[in-house]
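The values are calculated or read from the model by the stated rules, or taken from the named source; none is laboratory data. These numbers come from a predicted model, not from an experiment. Cβ atoms come from the backbone with ideal geometry, glycine included; neighbour counts cover every protein chain shown.
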Amino acid sequence: MAVLAVDESVRLTPAALGTSEDVLVGQNVVAIGSPLGLNATVTAGIISATQRPVIAGGEGETSYINALQTDAAINPGNSGGPLVDVNGSVIGVNSAIATVGGGRSQKESGNIGVGFSIPIDQVKTTVEQIIETGHAEYPIIGAKVSVARGTDGAVVAEVTADSPAEQAGIEEGDLIKEVNGEEVDDGVALIVMIRSFEPGETITLSIERDGGEAPSSVDVVLGKQIG
């Protein structure tokens with residue numbers, strides 16, 4: 001995301017920002033942009049899913065998004081554009097598409113009806129951070145987790161020294177099963193769930209160790225990283 005200062009003499013009508021908190025599966029949405037170079041194009045669809053954990057790649061970086069999934073056609077050129085509801089309020093920023101091969105980069109192929117948008121509530125948080133401090137921050141626990149699918153939890157691959165995770169007693173090989181009582185499917189889901197909080201907040205993780213039957217709970221005070 002970028003924040004631009006616009007001269008007040010420039011006559012522009014800002015888009016109305018909505019909220020993504022109340023977005024429902026099945027509601028109508030419209031994507032706006034210039035897909036494949038076709039200026040001022042709108043495509044219509046519905047919200048296919050909310051809080052979809054997605055890994056998106058681009059320019060040598062990897063982003064983790066707790067995305068709004070939509071079947072409104074997204075192609076190179078309208079990614080980065082707004083996803084709006086029927087009232088014309090922006091509820092997301094179109095970010096990536098799935099491909100037949102399972103990739104998530106919009107550069108790999110055209111639309112197949114599975115697109116992903118950054119929820120506008122997350123965009124607002126990032127924008128406010130950039131305006132106030134000049135950079136964006138996201139919360140971390142200080143542990144690397146496996147991003148393999150089907151692990152029935154997030155497998156801790158490494159714990160950083162003196163990190164919130166180490167201070168909470170988390171160890172390599174632990175299986176994180178829940179965040180504040182909400183089930184964790186895998187490492188990607190854990191990352192995007194953590195990023196829904198703010199640095200400094202305390203979260204409760206349910207952890208299974210050495211195949212134990214009853215997960216134990218630990219409280220973790222979230223650290224922060226600039227990015």
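Structure notes:
- Residue list for segment 123-147, filter: in contact with a Gly (Cβ under 9 Å, 6 or more places away or on another chain) and either aromatic (Phe, Trp, Tyr) or not in a strand (DSSP E or B) (or both): Val123, His135, Ala136, Tyr138, Ile141, Gly142, Ser146, Val147
- When residues of segment 148-172 are limited to those that are out of contact with any strand residue (DSSP E or B) (no Cβ under 7 Å at 6 or more places or on another chain) and in a loop (DSSP other than H, G, I, E, B), the one surrounded by the most Cβ atoms within 10 Å (Cβ to Cβ): Thr151
- Any hit, segment 185-208, residues being over 17 Å from the mean Cα position of the chain (by Cα) and without any contact (Cβ under 8 Å) to a residue 12 or more places away in the chain: no
- Residue list for segment 20-42, restricted to those being exposed (fewer than 14 other Cβ atoms within 10 Å of the Cβ) and in contact with a Ser or Thr (Cβ under 9 Å, 6 or more places away or on another chain): Leu24, Val25, Gly26, Ala40
- Residue satisfying condition, being more than 14 Å from the chain's Cα centre (by Cα) and in a loop (DSSP other than H, G, I, E, B), within set Thr43, Thr19: Thr19
- Exclusive hit being in contact with a Lys or Arg (Cβ under 8 Å, 6 or more places away or on another chain), more than 24 Å from Thr70 (Cβ to Cβ), surrounded by 14 or more Cβ atoms within 10 Å (Cβ to Cβ) and polar (S, T, N, Q), set Ser216, Ser206: Ser206
- Residues of segment 136-166 satisfying the condition of being touching a helix residue (DSSP H, G or I) at 6+ places or on another chain (Cβ under 6 Å) and without any contact (Cβ under 8 Å) to a residue 60 or more places away in the chain: Ala143, Val145, Ser146, Ala154, Val159
- Residue selected from segment 126-135 under the condition touching a residue at least 60 places away in the same chain (Cβ under 8 Å) and not aliphatic (A, V, I, L, M), by the criterion surrounded by the most Cβ atoms within 10 Å (Cβ to Cβ): Thr126
- When residues of segment 173-196 are limited to those that are of a type in the set (Asp, Glu) and touching a strand residue (DSSP E or B) at 6+ places or on another chain (Cβ under 8 Å), the one nearest to Asp219 (Cα to Cα): Glu178
- Taking the numbered list (1) part of a strand (DSSP E or B); (2) closer than 17 Å to Gly113 by Cα in turn, Ile74 passes all entries but (1).
- Any hit, segment 177-190, residues being part of a loop (DSSP other than H, G, I, E, B), in contact with an Asp or Glu (Cβ under 7 Å, 6 or more places away or on another chain) and either of a type in the set (D, E, K, R) or over 29 Å from Leu4 (Cα atoms) (or both): yes
- Any hit, segment 9-22, residues being over 20 Å from Gly88 (Cα atoms) and out of contact with any Gly (no Cβ under 6 Å at 6 or more places or on another chain): yes
- Residue within segment 129-139 that is hydroxyl-bearing (Ser, Thr, Tyr), at pLDDT 90 or above and within 30 Å of Ala168 (Cβ to Cβ) present: yes
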